[in-house]
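None of the figures in this text is laboratory data; all of them are computed from the coordinates on show. Predicted, not measured: the structure shown is a model, and the values here were computed from it. Heads up, the Cβs are rebuilt from the backbone with ideal geometry, glycines too, and the neighbour counts pull from every protein chain shown.
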Amino acid sequence: MSASIDERWPRVVAIGGPLSAAAWLLARRRLTPEQQWRWAAVPLLLAHQFEEWVWPGGFMAWLNREVFASSELHVPLDPHTGFVVNVPFGWGASVAVSTLGEAIPALPIAVCVSHTGNAMLHLGWAARHRRWDPGAATAAALLVPWSAHGLRRRLGPGGAPAGHQLAGIIAGAVSSARLMTTLRGRVARGYAAAD
């Protein structure tokens, strides 16, 4: 039986991550500092996903067992949800920041806030348990500095227009909170169904 797209997408990360990083390195001299920052969104996300899903991997099992204390391997995060969160939303948002981030200033702010929430999950858990988790290294090395740089330039006076600042903060916070709330609800429903 062939693997489904839900199982195959990490293979694309393993190829696309190095290719996108190489393309960024080759193009960066022709880009402004702002463009360099925006176009780094794709390779840094792919590097983070590589750590989570490819090598050393184990993100789904870690999130389900360690974060949500689920006894089920695929509850609350299953392969299909992992695909949807990482590919249409994750890749889509990163490409949107790269291509539309200048025209729509709320986009990079939303992604920075979302990445900050993601990093808080990884690094908070790692600090509490005093051990690595799948995604902690790239959260610290890539997501936090990229997001901090982006937010520093876009928030407050002299940053993005006030409406874009507010919209970006709300969109990033809601997307992060909504995902965690949805996953918590799945755990509760899974336990209720087992009773």
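Tell me the label-point distance for the pair Thr99, Ala14, using the 7 Å Cα-to-Cβ offset, in nm and rounded to one decimal.
If labels sit at Thr99 and Ala14, their model points lie 2.7 nm apart.
When the distances between all Cα atoms of the chain are binned every 10 Å from zero, what whole-number percent does each bin get?
For the chain, the pair-distance distribution reads 9, 34, 35, 18, 4, 0, 0.
Calculate one ³J(HN,Hα) per residue across segment 71-86 by plugging θ = phi - 60° into the Karplus curve 6.51 cos²θ - 1.76 cosθ + 1.60, and present them in order as whole Hz with x for glycine and proline.
Values per residue, Gly and Pro as x: 8, 9, 4, 10, 9, x, 8, 10, x, 5, 5, x, 4, 4, 5, 7 Hz.
Go through Val12, Ser98, Ala173 and say which Cα lies farthest out towards the positive end of the charge dipole of the chain; charges sit on Cβ, +1 for Lys and Arg, -1 for Asp and Glu.
Ser98
Only Cα pairs within less than 10 Å get springs; with that Gaussian network setup on the chain, which residue of Pro79, Pro43, Pro105 has the largest fluctuation?
Pro79
Under the 0.36 nm per residue contour assumption, what length would be gained going from the current alpha-carbon distance of Ala140 and Val54 to full extension?
This chain segment gains 29.2 nm when fully extended.
With each label point set 7 Å from Cα along the Cα-Cβ vector, what nm distance links Val174 and Ala21?
3.5 nm
Treating the beta-carbon of each Lys and Arg as +1 and of each Asp and Glu as -1, no other charges, what is the dipole magnitude of the chain about its Cα centre, to the nearest 20 debye?
520 debye
Have a look at Ser94, Ser71, Ser176 and tell me which one the Gaussian network model of the chain (Cα, springs below 10 Å) gives the largest fluctuation.
Ser71
Which whole-Hz couplings ³J(HN,Hα) result when phi for each residue of segment 171-178 is put into the Karplus expression 6.51 cos²θ - 1.76 cosθ + 1.60, θ = phi - 60°, listed in order with x for Gly and Pro?
4, x, 5, 5, 5, 5, 5, 4
Return the calculated 222 nm mean residue ellipticity for the chain, to the nearest 500 deg cm²/dmol, obtained by summing -39500 (n - 2.57) across DSSP H runs with n ≥ 4 and dividing by the residue count.
Calculated mean residue ellipticity at 222 nm is -20500 deg cm²/dmol.
Multiply the residue gap between Phe89 and Arg28 by 0.36 nm, knock off their C-alpha separation, and tell me the result in nm, one decimal place.
19.4 nm
Highest GNM mean-square fluctuation, the chain, Cα pairs closer than 10 Å: which of Gly163, Gly82, Gly57?
Highest fluctuation of the listed residues: Gly163.
How much length would be gained if the chain were fully extended between Ala127 and His80, taking 0.36 nm per residue of separation minus their Cα-Cα distance, in nm to one decimal?
14.0 nm
Expressed as a whole number of Å, what is the distance separating the alpha-carbon centroids of segment 1-53 and segment 120-163?
18 Å
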